[in-house]
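Only one structure is covered here, and it is reproduced in the block below.
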Amino acid sequence: MRLRLIAGLGAAFALAIAGCGTNGQAALPAPTSTGTPPAEVNAAPGTVDTSSPGGQAAVALAAATDGKYVVTLDPGHGGDESGAAAYGVVEKDSNVDFALRVERLLRQEGVEVILTRRDTNHPAGVTATGSAGTRASLAERVRLANEARSDVFVSIHSNGSPNSADRGIEVYWESRREFATENQQLARTVQDRMIESAQHAGYGVRDRGIIDSSCWRGRDGRCVGLYVLSPAGQTTLGGNPQAKVPTLMPGVLVELLFISNTEDVALLKDGRARDAIAQGLAWGILDFLKSR
Ligand SMILES: [Zn+2]
């Protein structure tokens, strides 16, 4: 048993207003009524339980059966979980808008595209609210990507920060995976392509680089990753052990500008700037797929 219990994750929720991925991406707190310490989903490096369902070797599954590439785009948040919100931009809806733009571009190139949600709600079938809704929502996103045997998974977010000067685009990838190298390559490719496309369209977008999300949050020397990118692990819900199934294909989480920065918000409100960034993301995904 390699279960890791981490206390104090409620603090992550307190930061939700400041950070996009903060709410609903990291480990989820267990129901407070049980008095159980919040359970961490992801083990620290080297302690991943690869015997969990759908473990690490499953990347081999991720191939389109009809020769067509399959890409799952995952607009972050949804339902009662808005993500970052400021200056009239609400992240959960902005994320869907980006996903629809990228979907259209990829489909033009013959790629099959799965969206984990297409409107302001959580993925279809997720009706719970609060942390239970967030947990169900995240699990459903992973399930949809795996069910489609996607070649690539891309979670789409925008950022928020208590520092209003923070701005730009960054991409998270996870190194605690069998296909870590591919995750990193995908991150590098989409980041470079997005910056290049935005600049080509005349927009100055800050390049914040790519970031290994294995220790996205640290607690007591242990690492907390992003739910949709991190490896198999164990969690408890109401005291009952429950396996966390990971995405089984290379994936990244993109943070497209800062909703807390007025210059970035101007770009988020500019359809042409959105198109340029979406085009870069689509190109990056295609470059990665063709390089494999
Ligand atoms: Zn977010």
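Applying 1/(1 + (r/R0)^6) with R0 = 22 Å to the Cβ-Cβ distance of residue 263 and residue 93, what FRET efficiency is obtained, to the nearest 0.05?
The value I calculate is 0.60.
Can you figure out the FRET efficiency of residue 200 with residue 107, using R₀ = 35 Å and their beta-carbon distance, to the nearest 0.05?
Details: r = 22 Å, r/R0 = 0.64.
It comes to 0.95.
Rg (Å, one decimal) plus Dmax (Å, integer) for the alpha carbons of segment 199-292?
For segment 199-292, the Cα radius of gyration and maximum Cα-Cα distance read 17.6, 53 Å.
Explain nothing, just the number: dipole magnitude of segment 165-287 about its Cα centre with +1 on each Lys and Arg Cβ and -1 on each Asp and Glu Cβ, in debye rounded to the nearest 20.
Working: 14 positive and 16 negative charges, 73 e Å.
Here the size comes out at about 360 debye.
How big is the charge dipole of segment 59-210 about its Cα centre, in debye rounded to the nearest 20, if each Lys and Arg gets +1 on its Cβ and each Asp and Glu gets -1 on its Cβ? Could you put the intermediate results ahead of the total?
Numbers: 18 positive and 22 negative charges, 8 e Å.
So the magnitude is around 40 debye.
Using unit Cβ charges (K, R positive; D, E negative) and no other charged atoms, how large, in debye to the nearest 20, is the dipole of segment 160-219 about its Cα centre?
Working: 9 positive and 9 negative charges, 47 e Å.
Dipole size: approximately 220 debye.
Out of all Cα-Cα pairs in segment 134-292, roughly what percent, to the nearest whole number, are more than 20 Å apart?
Numbers: 6645 of 12561 pairs.
The proportion of pairs with Cα distances above 20 Å equals 53 percent.
Mean projection of the alpha-carbon convex hull of segment 119-214 over all orientations, in nm²?
Details: hull surface 33.5 nm².
It is 8.4 nm².
Since every read-out is calculated from the coordinates, none of them should be taken as a lab result. On a predicted model such as this, the values are computed, not experimentally measured, just so you know. In this analysis, Cβ positions are derived from the backbone assuming ideal geometry, glycine residues included, and neighbour counts consider all displayed protein chains.
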